[in-house]
Amino acid sequence: MAELFQQSYTADRLRAVPVLTLAHVGDGVYELLARTRVVDKCPEGKVARAHKQTVAMVSAVAQAKAARMLEPMLTEQENAVFHRGRNCHVNSVPKGASREDYGYATALEALLGHLYLSGQLDRIGALWAVILQALGEV
């Protein structure tokens, strides 16, 4: 079971994954981290309240805020993935987000997807701590 959460794509295999696919995986990683954080803060809370708090954390605007804070601390390889995600073409932008914010949110998700698929869970944890700080969740 633990191997389900410990992916280890080779560098060649990872390079072949389209950036929006990385973002798709990273969206799931981010969502799970956010939901876990909400439950950790208030385990006896009501589901509707937990959902509302999670939605606030996973919005494109919140992700963009976190992404901007993370960007200066990324490695060269992480920065390359981040910029591919930020610059990729998307067909639609959710309500309440600018195209720029959505680009940064996609960049963050692509980065998390890349880190997850390459098995860099400790790095995800380190970046998640910064994200929580950026969102005032510490």
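Working note: 222 nm ellipticity from helices only, DSSP H runs with n ≥ 4, each -39,500 (n - 2.57), summed and divided by the residues of the chain, gives -22500 deg cm²/dmol to the nearest 500. Ranked by the mean number of other Cβ atoms within 10 Å of their residues, highest first, the peptides 84-95, 63-74 fall in the order 63-74, 84-95. Pairwise inverse Cα distances across the chain, averaged and inverted, put the Kirkwood hydrodynamic radius at 15.2 Å.
Quick check on region 49-89: take the gyration tensor over C-alpha atoms, sort the square-rooted eigenvalues as a ≥ b ≥ c, and tell me if it's rounded (a/c under 1.5), prolate or oblate. Don't skip to the end; give the middle numbers.
Details: a/c = 3.35, a/b = 2.13, b/c = 1.57.
The shape class here is prolate.
Kindly rank 10-20, 25-35 from highest to lowest mean number of other beta carbons found within 10 Å of each residue. List each step's numbers first, then the result.
On the way: 10-20: 12.4, 25-35: 19.0.
My ranking of the peptides, most packed first, is 25-35, 10-20.
Taking the three principal axes of the alpha carbon atoms in region 75-132, the coordinate ranges are 33, 23, 17 Å, sorted in descending order.
Placing a pseudo-label 7 Å from each Cα along the Cα-to-Cβ vector at Thr36 and Tyr9 gives an inter-label distance of 2.0 nm. What is region 1-74 by shape, rounded, prolate or oblate, if you read a ≥ b ≥ c off the alpha carbon gyration tensor as root eigenvalues and call it rounded for a/c under 1.5, prolate for a/b larger than b/c, and oblate otherwise? Verdict is oblate for region 1-74.
Under the rule a/c < 1.5 gives rounded, and otherwise a/b versus b/c splits prolate from oblate, where does region 32-103 land using the Cα gyration tensor? Mind dumping the intermediate values first?
On the way: a/c = 3.15, a/b = 1.65, b/c = 1.90.
Oblate, because a/c is 1.5 or more while a/b does not exceed b/c.
Distance from the Cα centre of region 1-79 to that of region 86-138, in angstrom? Taking the Cα centre of each part, region 1-79 and region 86-138 sit 6 Å apart.
Read-outs throughout are calculated quantities, based only on the coordinates presented, and are distinct from any laboratory measurement. Nothing here was measured: the structure is a model prediction, and the numbers come from that model. Note that we place each Cβ from the backbone using ideal geometry, even for glycine, and neighbour counts take in every protein chain shown.
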